[in-house]
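Note sheet for the following structure.
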Ligand SMILES: [Zn+2]
Ligand SMILES: [Zn+2]
């Protein structure tokens with residue numbers, strides 16, 4: 001192993017980078033080593049770590065939807081689609097990207113503890129894995145801290161990943177709600193065909209479910225960027241919030257705040273607010289049959305608009321914000337100010353957090369490490385779907401691979417944020433998921449203690465669906481651990497002690513869509529809460 | 001006045017709580033406040049197990065805001081937290097050794113539920129469950145009860161335990177309690193069942209100190225299975241019965257449960273949940289004082305050989 005091209009040595013080392021300078025030292029930490037240091041000047045991309053490639057690694061891309069799985073390094077090839085080139089990494093042109101932020105192999109985890117300024121990632125170079133810190137084109141007249149990184153070893157991979165996650169949480173300043181709300185989301189049943197009548201119908205039906213948050217997804221907005229205006233058939237955004245609140249539910253709304261459609265009014269009025277390439281608006285990705293640009297989050301006017309937009313939504317009564325396609329805010333390109341895409345992204349996230357105050361923020365399609373400290377919940381896998389699997393494991397929607405990421409990224413939960421495993425689809429009709437697959441998905445989510453969100457036409461959720469939901473909620477509350485992360489066979493064991501149903505264990509086989517679960521028979525005492533002269537009394541007795 | 005003050009000489013927090021000063025001591029002819037019908041349960045005919053927030057808590061959910069500017073070494077924080085009293089049974093004359101095993105098992109369930117509920121509070125970092133039994137350790141009420149403190153920080157001795165366990169793990173690759181269980185012999189064992197081992201530890205600080213260790217590596221109460229809960233109750237009942245028999249008296253003790261903190265630091269791989277019983281007595285009539293050496297240096301001089309104490313406790317007929 002090499003750090004900054006050198007063997008492990010004690011003391012501070014200063015290295016001249018030509019356009020800049022880096023100083024670093026290495027220290028012992030629990031289960032391994034930590035490297036800390038400073039950088040100044042125009043560092044560009046710095047090699048920070050190098051080791052012989054193990055034959056298999058647990059690795060994945062930089063954002064919510066990137067598959068996180070075991071790769072054989074022999075014959076590994078990185079590929080991407082032009083219209084979605086930044087889906088897995090902000091540096092696709094390098095071609096040999098193996099993993100962003102961190103990777104693991106048997107009994108070893110190597111990773112960065114934060115992404116506040118630079119983007120950290122790992123490439124395959126010949127028979128070596130090389131770790132990089134990328135400062136893009138930014139220059140730093142005064143020295144700043146590098147993103148610290150750690151090398152952890154000597155325990156099994158799951159334990160090391162949990163330790164790694166807790167170190168990241170501390171270094172990155174994790175802050176999120178301890179309350180995990182049960183939600184409904186319109187997307188996975190209605191998709192873009194959502195009508196206002198569907199919302200009204202499901203609001204009525206939600207009384208039959210333990211739903212707390214009711215979130216309207218993509219479909220209501222006039223265009224990507226024009227969030228405060230609704231398209232034909234929908235009432236104004238304020239009225240939508242009132243309709244939800246009047247049912248005693250927390251109003252939730254979907255936006256893609258760092259994305260601007262070429263057709264939007266926002267772009268027409270402020271063509272200068274986007275990230276550029278050679279002076280022209282740069283396409284971040286293509287979706288909705290349109291080119292989507294990225295909001296330039298280094299631009300103060302754009303940030304002010306962002307603040308005002310979310311402030312208004314909060315004033316209208318929304319308290320739950322699903323913010324999607326966030327990676328576009330962190331793509332490389334020309335911005336107004338001298339800052340890295342990561343710094344710009346974090347300025348955007350900070351702005352939203354300040355505007356919505358203590359509302360629940362759910363990140364989606366988002367770079368992982370730079371979001372820590374700003375989101376309460378985070379999607380950690382690709383979109384789910386009303387079918388088990390269809391086509392390649394490349395981030396496209398499917399229940400199978402959405403659940404796979406939920407399992408392989410389990411260690412982020414309750415450390416960086418609350419993991420959002422994507423919605424449970426519990427309806428018995430208009431779905432290709434079998435009852436077994438619905439159970440497998442839901443129970444695994446429960447045992448992993450993740451967020452529980454549903455996305456169905458509630459009219460189609462029958463007694464069986466309700467039973468699955470109830471059982472899922474009672475599987476939460478434990479301390480989960482996944483075994484089998486390094487095996488490539490899609491078989492995992494998830495154990496969780498101390499769930500609301502007692503100690504539990506589920507063995508899953510994702511390739512077959514099968515599971516076997518054992519739940520301890522646990523009996524509860526009856527509890528009655530009484531408030532007396534400002535104090536809480538809990539009376540317990542046997543049921 | 002209620003606040004936390006920082007001591008830079010020892011890197012620890014002190015709770016200043018002047019309200020606790022008004023707490024009545026050893027009520028004499030006064031009706032028991034925690035019996036059904038007592039001051040705390042005026043309109044309650046009976047109950048099974050109750051936990052309630054202390055009338056004069058040292059830490060509170062609604063701790064007063066501070067109007068204080070940090071100056072030099074002087075730092076303050078709000079005294080956020082929860083202090084609860086857990087009443088084990090409505091039977092005034094009972095106690096852990098006298099309670100039916102089922103009642104103790106229920107108490108373990110209550111501890112678990114309190115741990116779960118309190119650990120969900122944003123400001124809570126450590127949950128300390130304990131019982132002071134006997135006037136020798138300042139217990140003012142004979143009615144069987146314990147207490148729970150939900151702290152907004154990780155207390156000093158807990159930190160010391162964490163550091164020590166981490167150090168051992170780094171040196172040996174093993175959790176120290178797992179290592180003790182693996183190497184322990186009958187000569188210090190007082191009682192053992194399927195899931196727990198009760199022993200006078202090799203490193204006992206008090207003459208009749210007993211530790212209870214779960215044989216399975218768990219770091220909080222929450223992880224115990226229902227069978228383990230019963231086995232924990234059984235060990236607690238068993239050793240407190242031995243204590244009472246040892247000198248034929250209601251043996252005073254401090255019972256303390258040590259769980260891993262509820263912070264985001266991952267320490268569960270080396271932190272092993274355990275109980276300590278620290279009785280202040282050295283024999284039938286004499287006390288082992290926490291005097292200058294113990295208080296000032298944290299060094300304990302144990303006048304009884306742990307193996308000898310274990311033998312006496314083991315041979316007690318219960
Ligand atoms: Zn009483
Ligand atoms: Zn252990």
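In this structure, is residue A:205 within 29 Å of residue A:368 (Cα to Cα), away from chain B (no Cβ under 14 Å), more than 21 Å from the chain's Cα centre (by Cα) and at pLDDT 95 or above? So residue A:205 fails the test.
Assess whether residue A:396 counts as being within 19 Å of the chain's Cα centre (by Cα) and in a loop (DSSP other than H, G, I, E, B). When the stated conditions are applied, residue A:396 passes them. Strands (runs of 3 or more DSSP E) fully within the range B:1-66 that include at least 1 residues being within 15 Å of residue A:535 (Cβ to Cβ) and modelled with pLDDT of 95 or more: B:49-53. Residue B:128 passes every criterion in (1) touching a helix residue (DSSP H, G or I) at 6+ places or on another chain (Cβ under 9 Å); (2) assigned to a helix (DSSP H, G or I); (3) away from ligand 1 (no atom under 16 Å from the Cβ) apart from (2).
Scan the range B:281-297 for residues that are in a loop (DSSP other than H, G, I, E, B) and either surrounded by fewer than 21 Cβ atoms within 10 Å (Cβ to Cβ) or within 14 Å of chain A (Cβ to nearest Cβ) (or both) and jot them down.
Of the residues in the range B:281-297, the ones in a loop (DSSP other than H, G, I, E, B) are B:282-286, B:288-291.
Those that are in a loop (DSSP other than H, G, I, E, B) and either surrounded by fewer than 21 Cβ atoms within 10 Å (Cβ to Cβ) or within 14 Å of chain A (Cβ to nearest Cβ) (or both): B:282, B:283, B:284, B:285, B:286, B:289, B:290, B:291.
With A:177, A:186, A:115 as the choices, which residue is assigned by TED's automatic domain parsing to the domain that holds residue A:446 and surrounded by 15 or more Cβ atoms within 10 Å (Cβ to Cβ)? After applying the criteria, what remains is A:186. Condition test on residue A:159, is it part of a strand (DSSP E or B), buried (at least 18 other Cβ atoms within 10 Å of the Cβ) and within 14 Å of chain B (Cβ to nearest Cβ)? Considered against the rule, which asks whether it is part of a strand (DSSP E or B), buried (at least 18 other Cβ atoms within 10 Å of the Cβ) and within 14 Å of chain B (Cβ to nearest Cβ), residue A:159 comes out as no. For the range B:157-170, the criterion of being over 14 Å from the mean Cα position of the chain (by Cα), more than 16 Å from ligand 2 (Cβ to nearest atom), closer than 30 Å to residue B:92 by Cα and surrounded by 15 or more Cβ atoms within 10 Å (Cβ to Cβ) is satisfied by no residue at all. Residues in the range B:32-47 that are in contact with a strand residue (DSSP E or B) (Cβ under 6 Å, 6 or more places away or on another chain) and near ligand 1 (Cβ under 9 Å from one of its atoms): B:34 alone. Look through the range A:462-500, keep the residues that are assigned to a loop (DSSP other than H, G, I, E, B) and out of contact with any helix residue (DSSP H, G or I) (no Cβ under 8 Å at 6 or more places or on another chain), and return whichever of them is nearest to the other protein chains (Cβ to nearest Cβ). Going through the qualifying residues, I end up with A:484. Considering the range B:133-169 alone, what residues qualify as being more than 23 Å from residue B:108 (Cα to Cα), modelled with pLDDT under 95 and more than 16 Å from ligand 1 (Cβ to nearest atom)? B:136, B:138 - these are the residues of the range B:133-169 that are more than 23 Å from residue B:108 (Cα to Cα), modelled with pLDDT under 95 and more than 16 Å from ligand 1 (Cβ to nearest atom). Residues in the range A:391-415 that are out of contact with any strand residue (DSSP E or B) (no Cβ under 7 Å at 6 or more places or on another chain) and within 14 Å of another protein chain (Cβ to nearest Cβ) were compared, and the one that is surrounded by the most Cβ atoms within 10 Å (Cβ to Cβ) is A:411.
Of the residues making up the range B:222-261, just one is within 14 Å of chain A (Cβ to nearest Cβ), part of a loop (DSSP other than H, G, I, E, B) and surrounded by fewer than 22 Cβ atoms within 10 Å (Cβ to Cβ), namely B:225. With respect to the conditions (1) within 14 Å of chain A (Cβ to nearest Cβ); (2) closer than 30 Å to residue B:264 by Cβ, residue B:160 falls short on a single one, namely (1). Being assigned to a loop (DSSP other than H, G, I, E, B), surrounded by fewer than 21 Cβ atoms within 10 Å (Cβ to Cβ) and away from ligand 2 (no atom under 16 Å from the Cβ) is a property that residue B:102 lacks. The selection criterion, being buried (at least 24 other Cβ atoms within 10 Å of the Cβ), under 21 Å from the mean Cα position of the chain (by Cα) and free of Cβ contacts under 8 Å to residues at least 60 places away in the same chain, holds for residue A:294.
Hey, among the residues in the range B:44-65 that are without any contact (Cβ under 8 Å) to a residue 40 or more places away in the chain and within 13 Å of chain A (Cβ to nearest Cβ), which one's farthest from residue B:88 (Cα to Cα)? It would help to see each step written out before you state the result.
First, pick out the residues of the range B:44-65 that are without any contact (Cβ under 8 Å) to a residue 40 or more places away in the chain: B:44-45, B:50, B:52-53, B:55-56, B:62, B:65.
Right, trim to within 13 Å of chain A (Cβ to nearest Cβ) and you get B:44-45, B:50, B:52-53, B:55-56, B:62.
Values: B:44: 15, B:45: 16, B:50: 7, B:52: 12, B:53: 15, B:55: 18, B:56: 20, B:62: 26 Å.
So the residue we want is B:62.
If you take the residues of the range A:503-523 that are within 14 Å of chain B (Cβ to nearest Cβ) and in contact with a helix residue (DSSP H, G or I) (Cβ under 6 Å, 6 or more places away or on another chain), which of them is surrounded by the fewest Cβ atoms within 10 Å (Cβ to Cβ)? Step by step, filter the range A:503-523, then rank; the result is A:522. Say whether the condition of being within 26 Å of residue B:11 (Cα to Cα) and out of contact with any strand residue (DSSP E or B) (no Cβ under 8 Å at 6 or more places or on another chain) is met by at least one residue in the range B:228-241. No, every residue in the range B:228-241 fails to be within 26 Å of residue B:11 (Cα to Cα) and out of contact with any strand residue (DSSP E or B) (no Cβ under 8 Å at 6 or more places or on another chain).
This table checks each residue for (1) closer than 20 Å to residue B:226 by Cα; (2) within 14 Å of chain A (Cβ to nearest Cβ); (3) more than 21 Å from the chain's Cα centre (by Cα).
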site: B:42; (1), (2), (3): no, yes, yes
site: B:67; (1), (2), (3): no, no, yes
site: B:72; (1), (2), (3): no, no, yes
site: B:81; (1), (2), (3): no, yes, no
site: B:87; (1), (2), (3): no, yes, no
site: B:110; (1), (2), (3): yes, yes, no
site: B:114; (1), (2), (3): yes, yes, no
site: B:118; (1), (2), (3): no, yes, no
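Being farther than 30 Å from residue B:315 by Cβ, away from ligand 2 (no atom under 16 Å from the Cβ) and part of a strand (DSSP E or B) is true of residue B:150.
The values are calculated or read from the model by the stated rules, or taken from the named source; none is laboratory data. The structure displayed is predicted, hence computed values, not measured ones. Backbone-built Cβ (ideal geometry, glycine too); neighbour counts: all protein chains shown.
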